[in-house]
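Computed from the coordinates by the stated procedures, all read-outs in this text should not be read as laboratory data. A quick note: this is a predicted structure, and the numbers were derived from the prediction, not measured. Cβ placement follows ideal geometry from the backbone for every residue including glycine, while neighbour counts extend to all protein chains displayed.
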Amino acid sequence: MIENKMKKQIISEFRKNPDVLIEDLSSQMLLRGNVLKIIQDYIKEHPNRPWSQKYEGLLYLPKRISLYSVADFCNLSCRMCGGSKGKLKYIKAEQLETIINHIPSVELLTFVSGNSEPLLNPDFVDILDIVNKRKINVQIVSNTHFLTEKVVNKLVLLDSCVDYNVSLDAVSEEMYKEVRGASIEPVIKNLEYLKEQRDKYKNNNIDLSLLMVGMSDNIEELPKMVKLAKSLNAYRIKVDHMTGVAEPGDFEKNPNWQSILINAFTIANELEIVLNVPNDTWRKIVEYLGTEKTETNNDDKKVEKTDNIVEGVCPWLETINIYTDGKIVPCCHIANDLGNIFNEDLFFNDKYINAKINLSKGKVFKACIPQNRSNCNYAVQLKGLENTEDYFIEEN
Ligand SMILES: C[S@@+](CC[C@H](N)C(=O)[O-])C[C@H]1O[C@@H](n2cnc3c(N)ncnc32)[C@H](O)[C@@H]1O
Ligand code: SF4
Ligand code: SF4
């Protein structure tokens, strides 16, 4: 009843004075969720009305911003990454305000950092204040050397949900130094303080995860890492393959990798820690045990490549990727220029809207087709179909 009344009121205001309504909703961070959906449904049902045409871009507003909040400098030089060693670039707090003003639909902010470190951003605490005020959840991947008391004290009092991922890779001082070229001690100290404060405030907004880039030596420490996760109140460990050719190679080069993983799964099960491994690894473990695969703890869906059947659409439709200078690109795999977020509201950005219209129809940019690098499962299916124009977005 109340919902119906609200719907009628929104549509009536949208028809009478769309500019005022959109401006008002946007400034109050209400142009998202159910309210945005009501307007989107109306636009879809009445595409030829002038106000629907003017605000067609609302149909393509993303829920998630994947933001390069820092770039070009890292405090570490991990052996599988190297880390950037230029001059640190970063998004300032007031720039983030502008970005959110221009993308009022955002519900989740993911801090990505290339070969840099998000907590090096000098405005990080102010940025957390902004996302909290705007009711936006956050996702962080960090080496955690700069998880200072000031940052922890802010994190534990946020209303926003925080998905906090620590790139740890090892448990012992020796192995951590081998992989990350630094001492693990400050990281553990910071995580112990985080646990203490989470306990003190009975905080349940933070989901803590430990990450491991699995290589042939550090994989030996996975069972110990599960125990560490328990003691730090982390809910999960996520193991990834190493990309690239850094020594000593991916964890599957360790002759005992299957038994190490099985041991880690057994401990994780006992301690009720979620242990995520790559899908292909999971399948190999199941094969190794000689049992049928009944379930997987991974979310990714395997895409079978069939000669003529292409399934799905671009998996980044609900996300926007933004660099520190405000440049918008379609996703984390390609860098086609879709304009600059500092210049205008995203729903008036024609380059962005045209790209999303085409991507939502299953088309892709030529650059989406993977050469010798990892890419999204959708574009992988199109390899070999480069000459089939139906699948490609025209670029000028
Ligand atoms: C590049 S870092 C940037 C964020 C931050 N500096 C950190 O280490 O968490 C993001 C993630 O990529 C992982 N990573 C680095 N090099 C990698 C590689 N060659 N293969 C797979 N993952 C890698 C890191 O361990 C980290 O979890
Ligand atoms: S993995 Fe992260 S911490 Fe390590 S060098 Fe790369 S960016 Fe820096
Ligand atoms: S590579 Fe292309 S299809 Fe894949 S996520 Fe990026 S933009 Fe979308």
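Could you work out how far helix 350-360 tilts from the main Cα principal axis of the chain, as a 0 to 90 degree angle to the nearest 10? Around 70 degrees separate the two axes. Among Phe365, Phe73, Phe124, a tally of other beta-carbon atoms within 10 Å of each Cβ gives an order, fewest to most, of Phe73, Phe365, Phe124.
Its Cα centre serving as origin, the chain has a Cβ charge dipole (Lys and Arg +1, Asp and Glu -1) of approximately 780 debye.
Annotation: amide H of Leu275 within the under-5 Å range of Ile237, sequence separation 5 or more or interchain, hydrogens built in the peptide plane.
A simple rule links phi to the HN-Hα coupling: the Karplus curve 6.51 cos²θ - 1.76 cosθ + 1.60 with θ = phi - 60°, which for the range 167-176 gives 7, 10, 6, 7, 10, 7, 4, 5, 5, 4 Hz, with x for Gly and Pro. Could you tell me which of the pairs Lys154/Lys202; Lys238/Lys284; Lys63/Lys361; Lys63/Lys135; Lys85/Lys189; Lys87/Lys177 are separated by over 22 angstrom between their Cα atoms in the structure shown? Going by Cα-Cα distance, Lys85/Lys189; Lys87/Lys177 fall outside the 22 Å limit. Going from the fewest other Cβ atoms within 10 Å to the most, the residues Tyr352, Tyr378 appear in the order Tyr378, Tyr352. Helix 222-231 and the longest principal axis of the Cα set of the chain meet at an angle near 70°. Rounded to the nearest 10 degrees, the angle from helix 2-16 to the longest Cα principal axis of the chain is 60 degrees. The mean sequence separation of alpha-carbon pairs under 8 Å and at least six residues apart, normalised by the residue count of the range 132-282, gives a relative contact order of 22 percent.
Looking at the chain only, what percent of DSSP beta bridges run antiparallel? Nearest 5 please. Intermediate values should be presented prior to the final figure.
Numbers: 7 of 41 bridges.
Antiparallel: roughly 15 percent of the beta bridges in the chain.
With θ taken as phi - 60° and the Karplus curve 6.51 cos²θ - 1.76 cosθ + 1.60 applied, the whole-hertz 3J(HN,Hα) list for the range 330-336 is x, 6, 7, 8, 10, 10, 4 Hz, x standing for glycine and proline.
Which shape class, rounded, prolate or oblate, goes with the range 2-60 when its Cα gyration tensor gives a ≥ b ≥ c as root eigenvalues, a/c under 1.5 marks rounded, and past that a/b bigger than b/c marks prolate? Each step should come with its number before you reach the end.
Values: a/c = 1.38, a/b = 1.19, b/c = 1.15.
Judged from the Cα gyration tensor, the range 2-60 comes out rounded (a/c under 1.5).
Only helical runs count toward this figure. For the chain, summing -39,500 (n - 2.57) over DSSP H runs of n ≥ 4 and dividing by all residues gives -11000 deg cm²/dmol at 222 nm.
Equivalent ellipsoid of the chain: semi-axes from √(5λ) of the C-alpha gyration tensor, largest first, are 38, 27, 21 Å.
Each of the peptides 82-93, 59-70 was scored by the mean count of other Cβ atoms within 10 Å over its residues; in descending order, highest first, they stand as 59-70, 82-93. Applied to the range 17-26, the Karplus parametrisation 6.51 cos²θ - 1.76 cosθ + 1.60 on θ = phi - 60° returns per-residue 3J(HN,Hα) values of 8, x, 4, 5, 4, 5, 4, 4, 4, 4 Hz, with x for Gly and Pro. Exposure proxy shown here: for Tyr288, Tyr193, Tyr55, the number of other Cβ atoms within 10 Å sets the order, fewest to most, as Tyr288, Tyr193, Tyr55. For a quick check, take a GNM of the chain with Cα springs below 10 Å and name the residue from Pro50, Pro330, Pro223 with the largest mean-square fluctuation. Of Pro50, Pro330, Pro223, the most mobile in the Gaussian network model is Pro50. Considering the range 1-151 at the alpha-carbon level, its Rg and Dmax are found to be 19.5, 60 Å. Pairs of Cα atoms nearer than 8 Å and 6+ residues apart set the relative contact order; for the range 2-60 it is 31 percent. Here the Gaussian network model covers the chain, with springs between Cα atoms less than 10 Å apart; of Ile136, Ile219, Ile43, Ile43 fluctuates the most. On full extension, the segment bounded by Lys135 and Glu185 gains 14.6 nm, given 0.36 nm per residue less the C-alpha separation. Amide H contacts of Met215 (H built 1.01 Å from N, in plane; Pro and chain starts excluded): Phe251 sit under 5 Å, all sequence-distant by 5 or more or on other chains.
Distances between placed amide hydrogens fall under 5 Å for Val112 paired with Leu67, Tyr68, Ser69, all partners being 5 or more residues away or on another chain.
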